[in-house]
1. Counting only residues that are within 30 Å of residue 336 (Cβ to Cβ) and surrounded by fewer than 19 Cβ atoms within 10 Å (Cβ to Cβ), how many does the range 55-102 have?
2. Quick one: is residue 328 modelled with pLDDT under 85, over 19 Å from residue 38 (Cα atoms) and either touching a strand residue (DSSP E or B) at 6+ places or on another chain (Cβ under 9 Å) or buried (at least 18 other Cβ atoms within 10 Å of the Cβ) (or both)?
3. Taking the options 196, 216, 185, 168, name whichever one is modelled with pLDDT under 90 and under 25 Å from residue 260 (Cα atoms).
4. Filter the range 277-290 for residues that are in contact with a strand residue (DSSP E or B) (Cβ under 6 Å, 6 or more places away or on another chain) and over 18 Å from residue 321 (Cβ atoms); which is modelled with the lowest pLDDT?
5. Sort out which residues of the range 211-238 are farther than 22 Å from residue 62 by Cα and either more than 14 Å from the chain's Cα centre (by Cα) or exposed (fewer than 15 other Cβ atoms within 10 Å of the Cβ) (or both), and write them in order of number.
């Protein structure tokens, strides 16, 4: 007995049956309950202060080229480039032989002039010499004293000492070189304190004066866990032709446990009161906000003050719930929420237009 053969079912019949099944009462095509990846941020209490950051560089208080006031043979140059030398430490010495000889000669001349003056003083009292001879002896004594003072000063000038706490940035000559008076020997950077300079926008300059300075601090990339308060030092009153910024310089004590040198990079942070701060407000990224749309219940749409809503993660399994919020104001990177959220609430900040009530989400990057 051969199997009975049935004619093939047309394709349109199969499609029609599938459509009918989909519309049959009580039959729902369930969507798999899968947590979708999403960007999630935590609502934070709005800070009453706002922070502006600027790239900055460290600078020396001053940079000077030291030189001798007298010529001579450079006998000793003990410092090395990059060395930190305290104020008063010897930087370089000239051969003092000739200057020591000059001092000795001036001392002898002074002794002779003093003896001659004493003799003339006795003789003029006895009318044995003229008053002119007495005056000449007194002048010769004064000149001898000046010559000795100059010789001793020149001898002192053969030693070059650090005028302040400094870093030797460059040795400009080598030892045993004949040096002329005024010829630079070493270049020093004054590091009695660290200067930090940055280009500040004109709106900050215009709204704060030296009598009302900004609260400014510096952080360094290699000392990220430390903050250094800065004190105002000076400002350039000439604006940059392109950026319309002003160079402002601040100072900070040189830390003993960190080698901060002139020319290093830093970040300058200026703190100032935030304008139009709302008490009790929280902040979220602007991407979390979704414009509210009219609903069947109210017909006229959301109230003006609740014209936005956010998707809040309301349970441990990642389910989201729509929540109206009142937006106080917005900036480029923050939305200030006056009502509807509290600090610690977690909101979805990307893909918010594709969410539905009860949908599950998980932080982006987590399985």
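The values are calculated or read from the model by the stated rules, or taken from the named source; none is laboratory data. As the structure is a prediction and not an experimental result, all values here were calculated from the model. Cβ sites come from the backbone with ideal geometry, for glycine too, and all protein chains shown count toward neighbours.
1. Residues flagged as within 30 Å of residue 336 (Cβ to Cβ) and surrounded by fewer than 19 Cβ atoms within 10 Å (Cβ to Cβ) within the range 55-102 amount to 1.
2. Taking the combined requirement at face value, the residue satisfies it.
3. Testing whether each residue is modelled with pLDDT under 90 and under 25 Å from residue 260 (Cα atoms) leaves just 216.
4. Step by step, filter the range 277-290, then rank; the result is 278.
5. Across the range 211-238, the qualifying residues are 211, 212, 213, 215, 221, 222, 224, 225, 226, 227.
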